[in-house]
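Here the structure comes first, spelled out in structure tokens, and everything after it is commentary.
The values are calculated or read from the model by the stated rules, or taken from the named source; none is laboratory data. This one's a predicted model, so the numbers in the text were calculated from it and none came from an experiment. Reconstructed Cβ throughout: ideal geometry from the backbone, glycine too, with neighbour counts over all protein chains shown.
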Amino acid sequence: MMNSDLSPSPKHPAGPQHPVGPQHPADEEAATAADTDTAVAVDNPDGVELAPYTIPPVPAIGWDPGTSPRRRWIARGLLGAVLAVQAALSLRLLAAAHPDEAAAMVAGRQQLAHLLHGTPVTTDLVDRINGSPWLYPPLAGAAADANGIWGTRLLSLGFALITTVLLYSLTRRLFNERVAICAIAVYAVLQSTVVVGFYAAPESAAVLLVALAAWAVVFTSRRHPALVLTAAPPLALACAVAYSAAFAVPAVVALAVATARPGGRLGRAALRALPLAAATLVLLLPYGTLGRVAGWSPSHGNAPGSAGSILLSTLQWSGLFTVLAVAGTIAYARKEQMNEHDASEKDAAPTSRGRRALLGTVLTATALLVPAAHLWTGTSGALFRHLGYGMLLAAPLAGVGLTRLVGAHFRHPQLGILVWVALLALGLEQSALRYQNGPDSGRLLAVLRVHTAPQAHYLTEVDGLAEYYLGAVSKPEQWVSARAGTDYRDGAGVQHHGDDGSTAAIRDGWFTMVVLDSTAPRATDRALSDALAGSGHYRLVAQFTSPTGDSSTYKVYLKH
């Protein structure tokens, strides 16, 4: 007979039993506030004393809040994956050199030859570079001597990848690895990042230097205030390399205030920014660059554009990204949550609402400042390059916006994936169109090659292309930049300069060939067109219009 004493009785449990508690808090705020273990009451109908069951603190994100080798290696692996995607997106862009790229390479080769061998600089394309001619152009010239346009573009790609690494490190110090990965994942697929990362222009180096300056500001935020001066050299150098980097200077200086040690007065935090601003200005003075930076505007050497076209381009190229960054700024200012600050560096960023709002506003302001400046000047030609400054500085808050969208414990990963895929699709299409946006330069060069001869003089609004690709049949000094103007003495001995010199030379039939570009400044293009129509010396031999349907057109006029 079976002993009934061996059977467990429902009224007499064999021992204290611990009911299984919930694995996660009911909501994110409860998880964030769970600083101590919470005891759970257990129904005990028989009066038997049971050991309390405790729920350990659960982090508000599915991410190890401590510093561990596993966490670091996962983050580095994701960083490498993002860099690979960014490089692949840029390397797929294959096209002939843009006039701006060709101008940088031609001027760079002559500047490099002058530095190394004292060879005179004979091209007027040096004035086309919106930055110091002794900084980026020699680098572009050396890369072009090594491997042509590919060498120069690979140099820009190296700058862009290092920029992304610095952005990751900067964001990780401000927040944590999760936000940093989201920030670079968004930044790496933007049109400006993809194009400038494979575009021979000084902005590629300038954006890198701005990223280095911002990183130095954040890195020194917990250290002696004087160490913030380490950000001054790269910030000043960025302004010298490309005058457009002046867009980012106010944001980097304000970042020194926003990242100052919590608990201190705002006035003391401001004192951290004043030496940085003063040191940057002082470093620009010896090179005579301060006046050029102060007087620079987006209209310098830039194509005109209507307010509607500028707004439309801004919305297309950075609209979704800016909305994500602004949403992240608002959400972060209202409430800090989801362990967005590294647990191992609790004081790495401000935590009060006012300081969070200041930090978010500082980082996102440049994303709105750049298109506002182009609207003010009515220019759009270099907008896609200049937007990179604002996107770089706003990327950390875009990362916050993406993590808030995904939610705690990756609750809504499909939303984050949807936004990222949308940004990727836009970046793919827009970057491809950017490289196709313009008339066929190959057909233009074929026409120019047929009509190019030694000792002749040519006026062109398409700066750089002929000088770079037709170096075997002509010399750079034979090509006069219409954007820079012409110094010309007419038959009566009167000296003419600028646009007046170009029109006077056309009236006298001094140029053998004239090449117009509809994206040139309106006043110059109109004056040259009127002079060509009224001189009677020239006939239109070729015209090429952009296949994308915009107003970009090349016209070639040949002397009778």
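Some observations on this one:
- Test: residue in the range 482-492 that is of a type in the set (Gly, Ala, Ser), in contact with a strand residue (DSSP E or B) (Cβ under 6 Å, 6 or more places away or on another chain), buried (at least 17 other Cβ atoms within 10 Å of the Cβ) and not in a loop (DSSP other than H, G, I, E, B): no
- Taken over the range 353-384, the criterion of being charged (D, E, K, R) and either at pLDDT 90 or above or within 11 Å of THR329 (Cβ to Cβ) (or both) is satisfied by ARG356 alone.
- Where ASN147 falls short, out of the listed (1) touching an Asp or Glu at 6+ places or on another chain (Cβ under 9 Å); (2) under 19 Å from ALA104 (Cβ atoms); (3) polar (S, T, N, Q): (1)
- Scanning the range 98-112 for residues that are touching a residue at least 24 places away in the same chain (Cβ under 8 Å), closer than 29 Å to ALA432 by Cα, outside the structural domain of ALA216 (by TED's automatic domain parsing) and among the basic types (Lys, Arg) turns up at least one hit.
So that you can scan it fast, the table gives a plain yes or no per residue for (1) at pLDDT 95 or above; (2) in a helix (DSSP H, G or I):
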site: ALA95; (1), (2): no, no
site: GLN111; (1), (2): no, yes
site: THR119; (1), (2): no, no
site: LEU166; (1), (2): yes, yes
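- Every listed requirement among (1) assigned by TED's automatic domain parsing to the domain that holds ALA398; (2) part of a helix (DSSP H, G or I) is met by LEU115 save one, (1).
- The numbered conditions (1) modelled with pLDDT under 90; (2) assigned to a helix (DSSP H, G or I) are all true for PHE544 except (2).
- Boolean, GLY399 is farther than 27 Å from PHE159 by Cβ, modelled with pLDDT of 90 or more and more than 13 Å from the chain's Cα centre (by Cα): no
- Restricting attention to the range 328-352 and to residues that are within 16 Å of THR171 (Cα to Cα) and modelled with pLDDT of 90 or more, the residue that is surrounded by the most Cβ atoms within 10 Å (Cβ to Cβ) turns out to be GLY328.
- Test result for TYR557, of a type in the set (Phe, Trp, Tyr), assigned to a helix (DSSP H, G or I), at pLDDT 85 or above and closer than 25 Å to ARG449 by Cβ: no
- Residue in the range 434-453 that is touching a helix residue (DSSP H, G or I) at 6+ places or on another chain (Cβ under 6 Å), farther than 30 Å from ARG109 by Cβ and touching a residue at least 12 places away in the same chain (Cβ under 8 Å) present: no
- PRO137 farther than 19 Å from GLY427 by Cβ, assigned by TED's automatic domain parsing to the domain that holds VAL241 and of a type outside the set (Phe, Trp, Tyr): yes
- Residue check for ARG404: surrounded by 19 or more Cβ atoms within 10 Å (Cβ to Cβ), under 19 Å from LEU320 (Cα atoms) and in contact with a Phe, Trp or Tyr (Cβ under 7 Å, 6 or more places away or on another chain): no
- Any hit, the range 246-261, residues being closer than 25 Å to ASP100 by Cα, at pLDDT below 85, not acidic (Asp, Glu) and not assigned by TED's automatic domain parsing to the domain that holds ASP517: no
- Reported count of residues in the range 503-524, each being assigned to a helix (DSSP H, G or I), of a type outside the set (A, V, I, L, M, F, W, C) and surrounded by fewer than 20 Cβ atoms within 10 Å (Cβ to Cβ), is 2.
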